[in-house]
Ligand code: CP
């Protein structure tokens, strides 16, 4: 059973192959209308359940389109409308869905939900985001970097802001794809120390620094994400804004990185909070390529899960 649960749980060579496959598939269908299937239809006859316990635009649409382009079918399910949201156990949900569908992608809150689903499902499970990690996003980001600048191995990636779930998957990717990673942000929002140690053990430099201008010196890629989540209270929002304001990605910060540095944001963004519109729409930004590459990267993940 090939579940795609996290980048640090997936074999290095497999991850490399998925990025290369994604790039080849993207090239092969360049210029084709979005709704036209790929020439290869490896998911023909397969049904994929897409479960969302949290809102989504990119993950929902890119998985739905990706499965269709590969010849499969999807059903999009809202967690709150399933029995899962009304007391049925995750284990029973996994066993039942495994009788109907060929793969489950889930976006959920707690990592425990994802892991229990994977434990009891007889079909592959893909992590479409938990509060702890967001591996599909970072597969798209690695693809995006390499499309623009070549191999990401040996490069310096700087994360400015909140050490959140997207940051966690970037740290996993540092170890697996072999790039150096610097986190700059306030101490209460540091990434999980265990993830940092794990990446360092794979032979890459992972630094934590409080000075954003010093952090981005020599950076090949600068990344940030929203400062608040939709579930934060008003007081939490104000506290986070105060803590994170020095880490805003603006033109001054980008000017301190390498001249050809890229800027990424997984979106959705709160413009002119974590990043200015001048940066988001400026010459370093590849944010909409990132969004598009969710589609191509996830198609490669799906093929890997199915072994097709
Ligand atoms: N980046 C991302 O996961 O976007 P959505 O929340 O819109 O799926």
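Just so it is clear, none of the values below were taken in a lab; they were calculated from the coordinates. All values derive from a computational prediction rather than experimental measurement. Cβ atoms come from the backbone with ideal geometry, glycine included; neighbour counts cover every protein chain shown.
Computed values, structure above
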item: Förster-model FRET efficiency, 45 Å R0, residue 44 and residue 82, C-beta, rounded to 0.05; result: 0.95
item: Estimated [θ] at 222 nm from DSSP helical runs (n ≥ 4, -39500 (n - 2.57)) normalised by residues in the chain, nearest 500; result: -13000 deg cm²/dmol
item: Neighbour-count ranking [beta-carbon atoms within 10 angstrom, fewest first] of 183, 306, 288; result: 288, 306, 183
item: Relative contact order for the stretch 161-308, counting Cα pairs under 8 Å that sit 6 or more residues apart, in percent; result: 21 percent
item: Normalised contact order of the stretch 144-210, rounded percent, pairs of Cα under 8 Å and 6 or more residues apart; result: 34 percent
item: Relative contact order (%) - criterion: Cα under 8 Å, at least six apart; region: the chain; result: 20 percent
item: Sorted peptide list for 163-174, 10-21, 85-96, criterion being average Cβ within 10 angstrom, highest first; result: 163-174, 10-21, 85-96
item: Most mobile listed residue (263, 109, 181) in the chain, GNM with C-alpha springs under 10 Å; result: 109
item: Degrees between helix 234-244 axis and first principal axis of the chain (Cα, 0 to 90, nearest 10); result: 50 degrees
item: Nearest 10 degrees, 0 to 90: helix 135-149 Cα axis against the chain principal axis; result: 60 degrees
item: Cα long-axis angle, helix 165-177 against the chain (0 to 90 degrees, to the nearest 10); result: 90 degrees
item: Between the stretch 167-194 and the stretch 36-110, the Cα center-to-center distance that results, in Å; result: 29 Å
